[in-house]
Structure formats: C-alpha cells, structure tokens
Amino acid sequence: MAGPDAFHPDLSDGQPLRHRVHHVKAGELDGGTSQTGGMQRFAAISGASVGSEKLWMGETHVGPGVASANHHHGDSETAIFVRSGHPEFVFHDGVAEVRIRTGPGDYIFVPPQLPHREENPDAGESAVVVIARSTQEAIVVNLDRLYPL
C-alpha cells in the first residue's frame, strides 16, 4: 500500500510547470496571442502560461456589429462555448456560405483547417466565447476570403 506522500509529490524547486495545478484568474488572461481583425483573443491555458503540451484555452471577444476577418486554425480542432451575446459562425460548405446563429450556452466545433469567420450582428452587445483547442498555442492563419476545403 502506498504511503501518504505517494499522492503528494514534492513540487518544490525545479519541477516543470506541467507537474502542478495552475489557477489562472479572469483578470490574468494574456492578450498577446495571434489575432484576427475584428476580434480579440485572450489566452488562459497555453504552453507559455502553464506548460500545456496538447491544449490551449482562452476566450474571444467580438464587439457589437463587428465581423472578424476570415481565418482558420491550422491542424487544431476548436471547441467553442458561447458565454454571452449571439455570435454567428460563417463557413463555406463547398456549395454556399453557411451561417450558424448561436446564443449563450451553445457549443460549436470547428474542424482543423476549416476557413471561417465570427460575426456579431448585434449592434448593442458584445459576444464573448470560451475556446479550447487541441494545440498548446492559438494557431491563427488569416485569409483573404472563405473558400471550400
């Protein structure tokens, strides 16, 4: 049977960032991430902030009446939780543009390499979404236009 210290490793001096639990407070998000015109991204969990190797998490703010530039996120899968507002997610399905209107509590999945943009058609309210990605940094490839894969 394992002793009490088996479940409480010594994390003092020299242990890598990834061998401890991290608490990132709301006011500590990092705006120094890759950006796309029309939106602001803030990192909470990343390789730089907590030593993650396979995950990035943060939030994006899209102001009232604003649309982001077209972009994709490389090989990263992206999961989105709508915290506030009614953002719309726009992509091209190979035939036409598709627009998905969302509201607070909704979830969106964006596959790797898929060109898309976020829009906030509400002239009076910002849209805020929480994002999780399958890479430790926020990969952003800005594009001139939407196009089908």
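The values are calculated or read from the model by the stated rules, or taken from the named source; none is laboratory data. Since the structure is predicted, the reported quantities are computational estimates derived from the model, not experimental observations. So basically every Cβ, Gly included, is an ideal-geometry build from the backbone, and we count neighbours across all protein chains shown.
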Quiz item: Looking only at segment 54-99, which residues are farther than 21 Å from ALA138 by Cβ and aliphatic (A, V, I, L, M)?
Solution: VAL95, ALA96, VAL98
Exercise. Would you point out which residue out of ILE100, ILE45, ILE108, ILE80 is crowded, with 20+ Cβ neighbours inside 10 Å and either at pLDDT 90 or above or on the phi < 0 side of the Ramachandran plot (or both)?
Key: ILE80
Practice problem: Test ILE100 against the criterion of being within 12 Å of the chain's Cα centre (by Cα) and of a type outside the set (S, T, N, Q), and give yes or no. | Solution: no
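Yes/no matrix, rows are residues, columns are (1) in contact (Cβ under 8 Å) with a residue 60 or more places away in the chain; (2) among the small types (Gly, Ala, Ser):
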{"residue": "SER84", "(1), (2)": "no, yes"}
{"residue": "GLU88", "(1), (2)": "no, no"}
{"residue": "ILE100", "(1), (2)": "no, no"}
{"residue": "ASP106", "(1), (2)": "no, no"}
{"residue": "GLU118", "(1), (2)": "yes, no"}
{"residue": "GLY124", "(1), (2)": "yes, yes"}
{"residue": "VAL129", "(1), (2)": "yes, no"}
{"residue": "SER134", "(1), (2)": "yes, yes"}
{"residue": "VAL140", "(1), (2)": "yes, no"}
Practice problem: Filter the strands (runs of 3 or more DSSP E) completely within segment 31-107 down to those with at least 3 residues that are under 14 Å from ALA132 (Cα atoms). | Solution: 40-45, 56-62, 78-84
Exercise. Quick one: GLY58 ticks every box in (1) within 24 Å of ASP30 (Cα to Cα); (2) modelled with pLDDT of 95 or more; (3) surrounded by 13 or more Cβ atoms within 10 Å (Cβ to Cβ) except a single one, so which number is it?
Key: (2)
Quiz item: Out of all the residues in segment 138-149, which are assigned to a loop (DSSP other than H, G, I, E, B) and surrounded by fewer than 16 Cβ atoms within 10 Å (Cβ to Cβ)?
Solution: ASP144, ARG145, TYR147, PRO148, LEU149
Practice problem: Assess whether ARG145 counts as being in contact (Cβ under 8 Å) with a residue 60 or more places away in the chain, in contact with a strand residue (DSSP E or B) (Cβ under 8 Å, 6 or more places away or on another chain) and under 18 Å from VAL62 (Cβ atoms). | Solution: no
